[in-house]
1. Expressed in nm to one decimal, what extension gain is obtained for the pair T199 and T18 from 0.36 nm per residue of sequence separation less their Cα-Cα distance?
2. Could you tell me the relative contact order of region 92-218? Use alpha-carbon pairs under 8 Å, at least six residues apart, and round to a whole percent.
3. Calculate the translational D of region 1-108 in whole µm² s⁻¹ from Stokes-Einstein, where the hydrodynamic radius comes from the Kirkwood formula applied to all Cα pairs, the temperature is 20 °C and the viscosity 1.002 mPa s.
4. Would you mind getting the Kirkwood hydrodynamic radius of region 52-140 from its Cα pairs, rounded to one decimal in Å?
5. Cα-based Rg (one decimal) and Dmax (whole number) for region 167-209, in Å?
6. So if I take the centroid of the Cα atoms in region 39-102 and the same for region 188-218, what is the distance between those two points in Å?
7. Which angle from 0 to 90°, rounded to the nearest 10, does the C-alpha axis of helix 105-122 make with the longest principal axis of the chain?
8. Before rounding to the nearest 500, sum -39500 (n - 2.57) across all DSSP H runs of length at least 4 in the chain and divide by the residue total; then give [θ] at 222 nm in deg cm²/dmol.
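No lab work stands behind these numbers, since they all come straight from the coordinates. This is a predicted model, so every value here is computed, not measured. As a convention, Cβ positions derive from the backbone with ideal geometry for all residues, glycine included, and neighbour counts pool all protein chains shown.
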Amino acid sequence: TGRCVVAVDGPSGSGKSTVSRRLAVSLGARYLDTGAMYRAVTWAVLRSGVDLADASSVAKVAGETDLRIGTDPQGYGVTADGVHVEVEIRGPEVTSAVSAVAAVPAVRAILVARQREMIAAAGRIVVEGRDIGSVVAPDADLKVYLTASEAARAARRSVEDATDVAVTAADLARRDRLDSTRTADPLTQAADAVVLDTTELGIDEVVARLRDLLTERG
Ligand code: C5P
């Protein structure tokens with residue numbers, strides 16, 4: 001039960017959240033959803049009314065927001081300035097604005113620092129996001145990059161969010177493009193990441209593969 005950090009990156013709909021949570025439960029580890037942190041900051045930015053294109057104002061809101069997030073894989077709370085935002089951060093307003101907010105380097109600097117503190121405090125933790133293996137925790141014990149076909153990802157997300165699959169597919173494609181092409185810490189596969197395509201794999205199979213990998217690495 002020493003230190004163990006697992007970094008799980010990949011595009012949305014790749015199965016990251018479900019796999020990361022289940023893996024954390026089975027390891028008796030903490031879990032950090034860094035996407036929820038970017039979403040909560042986006043919620044605060046939208047509430048403040050600042051222009052999304054005004055990077056310095058967006059960064060100022062990010063710096064002034066009291067963001068708290070739990071690390072229990074079985075259910076964590078997210079608050080921004082004391083307001084519970086678990087539901088709102090999954091809504092369409094936040095989802096369509098989050099990639100713009102996450103592209104601001106000063107926002108990333110603030111959140112990456114927080115993430116590193118939380119990882120150090122937890123010791124044993126599964127962390128999911130876009131830049132965990134490449135930037136946040138380059139010394140992770142295991143780095144995983146999950147992918148799936150665009151069709152499979154859109155189908156999963158539209159079931160989870162109860163939205164139309166064509167609308168979801170368009171939104172995923174737009175966010176993937178923004179997340180992969182931004183200059184600050186884009187979505188990338190770390191050179192030493194294990195790549196798993198989950199299109200044809202069940203969640204249990206993916207979790208079992210990752211557990212085996214961790215065992216192999218001691
Ligand atoms: O994972 P999730 O879909 O909740 O992430 C929402 C958005 O937050 C992503 O589309 C991306 O723009 C941003 N994000 C990021 N870096 C992370 C996690 C999420 O830029 N580590």
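1. Roughly 63.8 nm would be gained on extension.
2. 32
3. D = 146 µm²/s.
4. 14.3
5. Both quantities, over Cα of region 167-209: 13.6, 35 Å.
6. Value for the Cα centre distance between the two parts: 30 Å.
7. Value to nearest ten degrees: 40.
8. Counting only the DSSP helices, I get -16000 deg cm²/dmol.
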